[in-house]
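See below for the structure under consideration.
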Amino acid sequence: TPTKTKPTTATVAPVTTGATSQPQAAATFQTLEQLQKAGVKRCLQMAQAVGQATLVGSSQYAAASVWNNKQPDNRFSVSMIGQQFAPGQNSMPNALAGVFSVPTTEGKCDAAALQVIPTTDPCTTVQAQIMIKGRALGTLAGVPLLQNAANAQVMLLPGANNSCVLVALSTVYTE
């Protein structure tokens, strides 16, 4: 039977990233700090790169990370990132991202990010914006599946009052 280990969760106070399109320097990136303190080494750069990519456009964020206590550098790690957006953008004030990283048997690291971003725009408007540089992949149970310019798979879920929720999945495989 598999051995169960209790994961560790670390939280840090919110960090202001500024209302720019790029987050601040890696030294202030909470996911990196949390996983580094836990003993994660092989997937630090990948978790940092994927995590910081999810922060584009956000003005503040806070992260909580989970890892395996007994083998932090050899097992799956997860960081949940709560985000705030500056007033006046087409997104709602809050969003979230999950960053997942796992070492491979070859000593490399694979990662994925799942973002959930509510917007005030209708899904038809959001889809038209994505299609400028992206493409349609099909539908999953009636939900549009798109690929955006950054090669993320994006699903659009209609929300209340003609709004739209973007659910984007980005995957990175180290070669």
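The values are calculated or read from the model by the stated rules, or taken from the named source; none is laboratory data. Quick caveat, the model's predicted, so the values are computed rather than measured. FYI the Cβ positions are ideal-geometry reconstructions off the backbone, even for glycines, and counts take in every protein chain you see. All accessible areas refer to the heavy atoms of the entire protein, side chains included, with ligands and DNA or RNA removed. Shrake-Rupley method; radii C 1.70, N 1.55, O 1.52, S 1.80 Å.
Across segment 94-112, the number of residues qualifying as in contact with a Phe, Trp or Tyr (Cβ under 8 Å, 6 or more places away or on another chain) and under 18 Å from Leu157 (Cβ atoms) comes to 2. Scanning segment 92-128 for residues that are outside any helix (DSSP H, G or I), open to solvent by less than 40 Å² (accessible area, probe 1.4 Å) and touching a helix residue (DSSP H, G or I) at 6+ places or on another chain (Cβ under 9 Å) yields Ala97, Val99, Ser101, Cys109, Asp110, Ala111, Ala112, Ala113, Thr119, Asp121, Pro122. Looking only at residues in segment 160-174 that are free of Cβ contacts under 8 Å to residues at least 60 places away in the same chain and under 30 Å from Thr104 (Cα atoms), the one that is surrounded by the most Cβ atoms within 10 Å (Cβ to Cβ) is Leu166.
Among residues of segment 148-159 that are free of Cβ contacts under 8 Å to residues at least 24 places away in the same chain, those with a Cβ under 8 angstrom from a residue that is part of a loop (DSSP other than H, G, I, E, B) and crowded, with 16+ Cβ neighbours inside 10 Å, sequence gap 6+ or separate chain, pair up as Asn148/Gly134; Ala149/Gly134.
Every condition in (1) open to solvent by less than 30 Å² (accessible area, probe 1.4 Å); (2) farther than 22 Å from Glu175 by Cα; (3) part of a loop (DSSP other than H, G, I, E, B); (4) at pLDDT 80 or above is met by Gly18 except one, and the failing one is (4). Among the conditions (1) surrounded by 14 or more Cβ atoms within 10 Å (Cβ to Cβ); (2) in contact with a strand residue (DSSP E or B) (Cβ under 6 Å, 6 or more places away or on another chain), Gly138 misses just one, which is (1). For segment 72-83, the candidate set comprises residues that are open to solvent by 80 Å² or more (accessible area, probe 1.4 Å) and not aliphatic (A, V, I, L, M); within that set, the residue that is farthest from the chain's Cα centre (by Cα) is Asn74. Step by step: first the residues of segment 47-71, then only those that are at pLDDT 90 or above and outside any strand (DSSP E or B), then the one that is least open to solvent (accessible area, probe 1.4 Å). Which residue is that? Per the criteria, the residue is Asn68.
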